[in-house]
Amino acid sequence: MSELPDAVRVREVGPRDGFQNEAEVIPTHEKVRLIDQLGRTGLKRIEVTSFVRRDVIPQLGDAAEVLRQIDVPDDVALSVLVPNERGLDHALVQRERFHELTVFLSASETHNRHNVNRSIAQSLEELERVLDRAGAEGLRREAVISTAFGCPYEGEVPAARVTEIAQVLVAAGADEIAFGDTTGMANPRMVEERFAIWRAALRGVELTAHFHNTRGLGLANVLASLHAGVDSFEASFGELGGCPVPAGATGNIATEELVSMLEEMGIATGVDLPALIVATGELSDVLDRPLGSHVLRAGPVDWGPPPDRPA
Ligand code: ZN
């Protein structure tokens with residue numbers, strides 16, 4: 001068995017990837033309260049919102065207000081996602097309120113067209129300008145490559161094509177590349193093989209795994225990526241999120257399930273699991289529906305009192 005890391009980094013993406021995919025628009029004050037609570041669970045990275053057009057994604061139409069109102073400890077790195085230069089302009093109005101900028105595109109032409117109505121080449125051209133300007137602002141830069149494992153329209157997305165796109169983004173200044181299994185098509189074998197390729201091709205770049213639990217393989221894919229040397233993950237509290245394709249798909253891997261598994265394996269996340277479960281319970285109350293997360297229902301594993309101490 002390959003060696004596992006002692007510690008990993010976890011970025012909470014629920015306030016963006018999750019809230020964006022809810023049918024209802026969550027009131028701003030509830031978003032702010034939940035983000036503030038997440039910021040006190042030991043999570044050190046939170047993607048708080050996305051600066052997109054309100055008519056395109058009304059769920060995140062309050063990005064500026066959310067960013068203005070949240071109050072998290074100083075050691076929590078906040079990121080915002082932008083689709084283009086206009087989004088960057090809007091985000092930069094509050095430059096002092098966040099630390100990292102995230103951009104995204106798909107590795108599949110068809111998915112990219114559906115998502116942002118552009119070819120991959122057009123997206124890369126714009127994102128190069130966004131990354132350049134973000135660098136000049138002193139922002140840490142993450143680029144997410146969606147459909148990095150498979151595409152619901154095109155099927156196979158060659159690993160080499162994903163590598164090529166990642167290399168362009170790194171040359172443009174990206175400090176971190178996240179590989180998204182946007183519609184849950186990856187399997188553990190594929191994950192291990194692909195991350196081995198990407199690690200070899202992208203030395204010195206932080207590589208992050210972003211899995212969706214669409215077909216129940218999220219945590220299996222996490223384990224496979226750990227074996228391939230990945231030590232950075234994105235997840236969403238309550239298993240929120242997901243992609244409208246395929247219909248009815250479930251969301252990202254649940255942060256509380258990721259944290260529970262890793263901590264049980266002796267891999268430090270820095271996250272206080274009971275506190276995270278409380279935050280996820282409040283999310284469930286706000287949404288007024290049960291959430292898919294197993295750990296939310298079962299609670300943390302309880303091994304009882306240590307044997308060397310009286311109960
Ligand atoms: Zn996601």
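The values are calculated or read from the model by the stated rules, or taken from the named source; none is laboratory data. It should be emphasised that the depicted structure is a prediction, and the values quoted were computed from it without experimental measurement. Glycine also receives a Cβ, built like all others from the backbone with ideal geometry; neighbour counts cover every protein chain displayed. Just the protein is used for accessible areas: all its heavy atoms, side chains included, with ligands, DNA and RNA removed. Shrake-Rupley method; radii C 1.70, N 1.55, O 1.52, S 1.80 Å.
Computed values, structure above
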quantity	calculated
Number of the condition not met by residue 224 [criteria: (1) at pLDDT below 95; (2) in contact with a helix residue (DSSP H, G or I) (Cβ under 7 Å, 6 or more places away or on another chain); (3) away from the ligand (no atom under 16 Å from the Cβ); (4) not polar (S, T, N, Q)]	(1)
The listed residue being modelled with pLDDT of 95 or more and either open to solvent by 40 Å² or more (accessible area, probe 1.4 Å) or within 16 Å of the ligand (Cβ to nearest atom) (or both), out of 280, 208	208
Evaluation of residue 192 against (1) within 16 Å of the ligand (Cβ to nearest atom); (2) open to solvent by 20 Å² or more (accessible area, probe 1.4 Å); (3) more than 14 Å from the chain's Cα centre (by Cα) (one fails), failing number	(1)
Yes/no for residue 117 being polar (S, T, N, Q) and modelled with pLDDT under 95	yes
Filter pass, residue 275 being within 23 Å of residue 158 (Cα to Cα), in contact (Cβ under 8 Å) with a residue 24 or more places away in the chain, away from the ligand (no atom under 16 Å from the Cβ) and of a type in the set (A, V, I, L, M)	no
Yes/no for residue 235 being within 12 Å of the ligand (Cβ to nearest atom), modelled with pLDDT of 95 or more and among the aliphatic types (A, V, I, L, M)	yes
Residue in the range 269-283 that is within 24 Å of residue 195 (Cα to Cα) and in contact with a helix residue (DSSP H, G or I) (Cβ under 8 Å, 6 or more places away or on another chain) present	yes
Residues within the range 221-246 that are surrounded by fewer than 20 Cβ atoms within 10 Å (Cβ to Cβ), aliphatic (A, V, I, L, M) and closer than 30 Å to residue 31 by Cα, tallied	1
Contacts under 8 angstrom Cβ, first residue in the range 158-171 being under 9 Å from residue 107 (Cα atoms), partner open to solvent by less than 10 Å² (accessible area, probe 1.4 Å) and not aromatic (Phe, Trp, Tyr), 6 or more apart	161/107; 162/107; 162/145; 162/148; 165/105; 165/107; 165/120; 165/145
The listed residue being under 17 Å from the mean Cα position of the chain (by Cα), open to solvent by less than 10 Å² (accessible area, probe 1.4 Å) and of a type in the set (Asp, Glu), out of 176, 257	176
Checking residue 94 against (1) open to solvent by less than 70 Å² (accessible area, probe 1.4 Å); (2) without any contact (Cβ under 8 Å) to a residue 60 or more places away in the chain; (3) farther than 20 Å from residue 31 by Cβ; (4) not basic (Lys, Arg), the condition it does not meet	(3)
The lone exception for residue 198 - which of (1) within 30 Å of residue 165 (Cβ to Cβ); (2) open to solvent by 10 Å² or more (accessible area, probe 1.4 Å) it fails	(2)
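Listed here are the residues, each with its yes/no results for (1) open to solvent by 60 Å² or more (accessible area, probe 1.4 Å); (2) more than 30 Å from residue 97 (Cα to Cα); (3) β-branched (Val, Ile, Thr).
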site: 121; (1), (2), (3): yes, yes, no
site: 126; (1), (2), (3): no, no, no
site: 135; (1), (2), (3): no, no, no
site: 157; (1), (2), (3): no, yes, yes
site: 160; (1), (2), (3): yes, yes, no
site: 172; (1), (2), (3): no, no, no
